[in-house]
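S.K.: Got a structure for you, questions after.
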Amino acid sequence: MNQDLYEALTLAVTQVFLGIYVILLVEFRQPVRTWRLCWLALAGGIVAANVVWVALGHFDFYSRFGVLTLVTPYTIATVWCSRYRGFRTVFSVANGAYVGCICGVNGYVAQALMPDVPGLSLAVRVVSLILLYFVLKKFARTCRKMLCQLDYGWMILSLIPVTTSLLMLYTNYVYFRQEPMPAAIVLYGLIVVCACSYYLMYLFFERVQKEDEARRNAQLSALQLSALQSRMEAVQTVEDAIRIERHDLRHRFRAIAELVSQGKAQEALAFIGAAQTQLEERKPVHWCRPPVLDAVFSAYFGQAQRRGIRVDAHIALADKLPVEEAELAIVFSNALENAIHACMRLPEAQREIRCKIISYPNLMFEFSNPYAGTVRFDASGLPVSTRQGHGIGSHSIAAFCEKHGASYQYTAENGHFTLRVVL
């Protein structure tokens, strides 16, 4: 095969894999499918132009200026189509470029060691791209979580893969053809240094996520304490009212006896009915048997009713739950808190929360509420919040579902926003 065509084929194959890496690492804008197709069109055009240029015999020019003709416009197009602008996306693209450089070095070194084997460089490169895909896939899950959690420091983090990739490209072009083995030692040294940096970065990401989990646990503990305290206060209020009613009971008996002695049976019955109604109104409402969940429902349903939000709840929870009661409490709390916030943006006549929970054949629950405006969803199906500090509850629910293998679905149809979870 002609050398120019061979280099063009190598470039095309490498960029196909790099495109897969970018899709793995980058969160695209809403609607995701539209912006992903837009990115494929832009990136495909940029790559195609460079492949044609190399095939026409300009590989040496591409080797010198590929950063300007391919990498830079490719990165700009990705940042434009990405949900997260700036260095968050640059970091994701640079990760893919770094992996591509590793595979390129493997191919060049293999060809330098066995120059008589045709196509060895491309074969080794493809094998390396496939193997490193699985490594990157594991890192991608942690990285995409960090895109949501970490707001600062992405420029510093981007310097690691960007600097390493540029140094590898420069060393490969300037020194590899003249002194392959010494250059290979330098290149692999850069790879090892950057890999160590990635390992430290991975540990940093893990630590941030553990701290985030610790904050959620603290939030859960505070929620449990607040809910149980509210429940105890409500129960205490009812007990005080019943104590007063018991104290006044003898006076009611005397009044009833007097009415009966005077032959006023209807008045006596009406008096008894009024007393019974008064007692029923002060009777505490229990939503389910598990105490923490009962406290959560009482606290949030009470909060909703005080804000003029109608509550339609059908709860059938078994005594024995498939998950920890505390974990389920934080899920229900986040769902109800989001529903209350959404309802408060509507006129009082339209405010309503519907809650359905069953334990058989599986634990399934659904929360529904009307909403104002437009609801958008990200690539994971989670609602996208436009307000700073919001949207954490939805990610917490998604983390719960991922941990326990549950399926979740958010929908916004016919004016109602609905969360469904099946465990």
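S.K.: Being at pLDDT 85 or above, exposed (fewer than 15 other Cβ atoms within 10 Å of the Cβ) and not in a helix (DSSP H, G or I), is that true of even one residue in the stretch 287-307?
M.R.: Yes, the stretch 287-307 contains a residue that is at pLDDT 85 or above, exposed (fewer than 15 other Cβ atoms within 10 Å of the Cβ) and not in a helix (DSSP H, G or I).
S.K.: Taking the stretch 59-82 as the region of interest, how many residues are within 19 Å of Val13 (Cβ to Cβ) and modelled with pLDDT under 85?
M.R.: Qualifying residue count, the stretch 59-82: 4.
S.K.: Pairs needed: first member in the stretch 51-70, in the same structural domain as Gly104 (by TED's automatic domain parsing); second member anywhere, among the aliphatic types (A, V, I, L, M) and outside any loop (DSSP other than H, G, I, E, B); C-beta distance under 6 Å; at least 6 residues apart or different chains.
M.R.: Qualifying pairs under 6 Å: Val51/Ala8; Val51/Leu11; Val51/Ala12; Val54/Ala8; Val54/Leu11; Ala55/Leu5; Ala55/Ala8; Tyr62/Val54.
The values are calculated or read from the model by the stated rules, or taken from the named source; none is laboratory data. Keep in mind the model is a prediction, meaning the values are calculated, not measured. Heads up, the Cβs are rebuilt from the backbone with ideal geometry, glycines too, and the neighbour counts pull from every protein chain shown.
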